Amino acid sequence: MNHGPTIFLGVLLTFASAWLGLVFAPYSQLNKLKPAASDTGGDFYPKPLSGLAAKGRAVYQANGCTYCHTQQIRPEGFGVDIDRGWGPRRSVPRDYLYDSPHLLGSMRTGPDLFNIGSRQPSSNWHHLHLYDPQTVSPGSTMPRFRFLYETRKIVGAKSRKALDTPPDWNVPAGYEIVPTEDALALVAYLKSLDHTTPLPEAE
Amino acid sequence: MTDPSDAIAPRRTSAAELSERARQARLRFAIDESTRGPVLLFFASSVFWLVIGSILAMIASIKMHSPLFLGDVSWLTFGRVRPAHLNVVAYGWASMAGVGTMLWLMARLSRAEMRYPKLLFISGVIWNLGVLAGTIAILAGWSVSIEYLEFPAFVPPLLTVAYVLVGLWAALMFLDRREKHIYVSQWYLFAALFWFPWLYTAVNLLLVIAPTPGVAQASITWWYGHNVLGLWFTPIGLATIYYLLPKVLGRPIHSYYLSILGFWSLALFYNWNGAHHLIGAPVPAWLVTVSVVASMMMFIPVGTVAINHHMTMVGHFRLLKASPTLRFTVFGAMSYTAVSAEGSLESLRSINLPTHFTHFVVAHAHLGLYGFFSMIMFGAIYYIMPRLTGWEWASARLIRVHFWGTAGGILAYFIPLSYGGFMQGLKMLDAQTPFIDTVRYTIPFLWIRSGAGLLMTVGHLAFAVLFVMNILKWGERRTEPTLLDDPAEYARELAAADATVVEETP
């Protein structure tokens with residue numbers, strides 16, 4: 001193999017073939033997907049995220065939630081994702097129509113979050129969990145996200161946003177824990193993670 | 001297939017042969033002289049990033065079992081430190097060490113001086129700025145949050161310019177070659193130089209700079225995630241093994257035909273592996289199946305390369321006691337075989353099911369990028385540096401600390417964490433086991449991992465000290481290469497093989 005052009009051509013063709021196969025082909029196949037109309041009315045699924053939830057998705061990205069949490073439900077017969085109560089059906093490409101970047105994840109140090117919004121609908125649960133994971137999930141190794149919260153002196157009436165804290169947190173009298181804009185956005189995003197709508201291709 | 005840049009010295013030589021050898025030595029000296037600046041810059045940068053990457057790794061590792069450690073600092077939350085670690089070691093340490101090695105090998109094997117070496121400093125500086133800015137950005141919370149591609153959109157153009165410069169300079173040396181024979185290492189280097197910039201720019205355009213939403217992004221992510229290993233680190237690593245084994249042993253590679261088969265089967269199959277990271281994921285089934293098949297086909301290039309390297313080594317394992325270069329290189333070559341075989345098996349649905357989403361995969365990734373690639377780079381730097389600085393390594397003891405820290409460290413990392421990860425996976429597959437039990441189960445293994453990481457970090461610090469001492473020419477002047485065992489024992493085998501600067505310099 002002392003002929004440079006042969007090596008060049010071989011290297012070019014092998015690479016181009018895989019690009020066509022693993023990049024171009026799935027892209028053109030999946031790009032044809034459209035939102036599904038629901039049976040009950042003109043409501044389409046999925047919907048793009050609302051403003052606050054979209055901002056929360058950026059907080060999720062910034063803090064690398066995806067390194068411990070997946071957002072995908074494996075089909076029945078391949079793993080026990082559905083038996084664990086992580087979702088009523090497997091996830092399908094249409095669920096991710098508006099996702100960019102994708103946050104499928106590759107690690108389950110913590111549980112899957114594809115339907116966390118329907119599993120934990122309470123904002124206060126999410127805030128307590130983010131501020132101190134052990135409170136609602138004993139034994140958890142999730143980091144605390146206290147930098148998303150402010151502990152401040154109550155001026156006048158208690159803020160409506162303030163966390164409903166359990167007594168053993170020992171928040172000093174006259175103080176309250178208030179979520180920052182980022183924490184509010186992140187919780188809005190987590191609550192928006194609900195992919196329980198039935199889809200024909202996921203039957 | 002002898003190594004073209006250095007013939008094995010015969011025992012008795014005529015006057016004509018002696019003058020020819022002197023001429024060759026002068027040429028080698030001139031070639032090393034031309035690549036010295038850029039190669040040293042890339043090596044020094046890589047060692048710097050290795051130390052930074054080790055610190056980030058320790059922080060991330062400790063956080064996994066003790067989440068309160070540095071817990072309330074936003075810049076150091078686990079989800080930022082982990083990608084910062086990955087990007088620093090992949091683009092700072094491993095890639096920059098790889099580029100340094102690549103440039104030096106390309107010059108030596110082409111028997112061509114590098115033209116305009118000073119311009120390549122621009123590439124090194126841009127590269128460092130890119131990695132630095134990208135890492136700070138990740139810690140500050142601007143990560144893209146796609147594995148292996150976390151650097152925000154302003155970094156990829158910088159790194160691309162740096163890569164392209166390196167590619168052009170290497171291509172120039174290749175075109176200027178005095179040596180007609182294109183050695184197997186050059187095939188791999190040539191492929192890596194061409195594949196990686198294309199891969200990197202294409203993927204960044206589609207995912208970071210102008211992304212189209214949807215799950216096709218996952219396919220592209222893993223096409224990249226797998227190919228950055230398969231089409232960048234692997235070819236550089238294999239090129240280096242193919243160079244160092246014959247050089248240190250003073251004997252040619254076992255089989256030229258196995259080399260050809262290994263190269264083309266790698267080019268054909270590795271490209272197609274990516275989607276095996278998406279078994280069970282919401283992507284078209286054909287995509288995953290194609291990648292599973294390609295992953296099994298990887299047994300061909302991996303098997304041929306393993307046989308070829310093993311047959312070259314046979315009868316010379318004794319030298320592992322003496323030569324630092326050989327020790328690291330052989331450890332890396334064996335890890336390559338092991339990690340590739342494991343990777344192919346992991347792509348089988350039955351084995352993927354318990355191992356996917358667990359620490360098993362983390363252990364696997366480290367056996368690849370560390371046990372294989374990083375160990376090869378250590379071996380290469382031990383070989384190349386004295387030829388650039390004209391100074392032998394200062395301390396055999398520190399080299400031993402480096403070897404046992406890193407080799408012991410990666411084994412102490414890989415074996416327990418693989419077992420722990422596999423069991424974690426089995427527990428996750430039992431819906432009756434509460435999820436939190438799978439978390440609790442892994443904690444002892446994560447402590448062991450931190451211990452292993454500490455060993456590796458100690459090794460890296462020893463290496464960094466050696467590196468700085470070598471550049472600054474500290475310690476006593478040695479006229480023989482620094483070996484790990486009594487040199488007299490190996491005098492005959494090493495006379496021609498592990499030739500030192502002193503011998504090569506006219």
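Read-outs throughout are calculated quantities, based only on the coordinates presented, and are distinct from any laboratory measurement. It should be emphasised that the depicted structure is a prediction, and the values quoted were computed from it without experimental measurement. Neighbour counts are summed over all protein chains in view; Cβ atoms, including those assigned to glycine, are modelled from backbone coordinates with ideal geometry.
For this structure, a couple of remarks:
- Dimensionless Rg/Rh of the stretch B:204-270 - Kirkwood Rh, Rg from C-alpha atoms: 1.20
- When each full DSSP H helix of chain A is screened for a Cα extent of at least 15 Å along its own axis and an average Kyte-Doolittle hydropathy of at least 0.0, the helices passing are A:4-19, A:51-62, A:181-192.
- When the alpha carbon gyration tensor of the stretch B:301-457 is reduced to an equivalent ellipsoid, the three semi-axes, largest first, read 35, 19, 10 Å.
- Peptide-level mean, for B:275-282, of C-beta atoms on other protein chains within 10 Å: 6
- Among B:211-224, B:169-182, the order from most to least packed when residues are scored by Cβ within 10 Å on average: B:211-224, B:169-182
- Over chain B, Cα pairs under 8 Å with separation of 6+ residues give a relative contact order of 17 percent.
- Under the convention that each Lys and Arg Cβ holds +1 and each Asp and Glu Cβ holds -1, the size of the dipole of chain B around its Cα centre is about 560 debye.
- The order of B:GLU20, B:GLU150, going from fewest to most other C-beta atoms within 10 Å of their C-beta, is B:GLU20, B:GLU150.
- The share of C-alpha pairs in the stretch B:28-181 whose separation exceeds 19 Å stands at 56 percent.
- Averaging 1/r over each pair of different alpha-carbon atoms in chain B and inverting the result gives 23.4 Å, the Kirkwood hydrodynamic radius.
- Pairwise FRET efficiency - A:TYR45 versus B:ARG115, Cβ, R0 = 56 Å, nearest 0.05: 0.40
- Considering only alpha-carbon pairs that sit under 8 angstrom and 6 or more positions apart, the relative contact order computed for chain A is 25 percent.
- Shielding score for A:166-173, defined as the mean number of other chain Cβ atoms within 10 Å: 0
- Order of B:VAL401, A:VAL187 - criterion: other Cβ atoms within 10 Å of each residue's Cβ, fewest first: B:VAL401, A:VAL187
- q = 0.12, 0.18, 0.21 Å⁻¹, the stretch A:49-202: log10 I(q)/I(0) [Debye, one scatterer per Cα]: -0.55, -1.11, -1.42
- Leading residue at positive end of dipole, chain B (Cβ point charges), from B:VAL401, B:TYR370, B:GLY71: B:VAL401
- Whole-percent P(r), the protein assembly as shown, all Cα pairs, 20 Å bins from 0: 17, 49, 26, 7, 0, 0.
- Angle in degrees between helix B:216-227 and the longest Cα principal axis of chain B, rounded to the nearest 10: 30
- Placing dummy labels 7 Å off each Cα toward the beta-carbon, the span from A:GLN29 to B:GLU480 is 6.3 nm.
- Taking other C-beta atoms within 10 Å as the exposure proxy, A:ASP112, B:ASP485 rank B:ASP485, A:ASP112 from fewest upward.
- Across the stretch B:261-326, Cα pairs under 8 Å and at least six residues apart give a relative contact order of 37 percent.
- For peptides A:166-176, B:241-251, sequence by mean Cβ density within 10 Å, most packed first: B:241-251, A:166-176
- Each peptide among A:27-36, B:185-194 gets the average number of other Cβ atoms lying within 10 Å of its residues, and from highest to lowest they stand as B:185-194, A:27-36.
- Other protein chain C-beta atoms within 10 Å of residue C-beta, averaged over A:138-150: 5.
- Computed from the C-beta positions of A:LEU52 and B:THR289 and an R0 of 45 Å, the FRET efficiency is 0.65 to the nearest 0.05.
- Dipole of the stretch B:28-181, positive direction: furthest Cα of B:VAL164, B:ALA137, B:ALA84, with charges on the beta-carbon: B:VAL164
- Helical content alone sets the calculated 222 nm signal of the protein assembly as shown at -19000 deg cm²/dmol, taking -39,500 (n - 2.57) per DSSP H segment of four or more residues and averaging over every residue.
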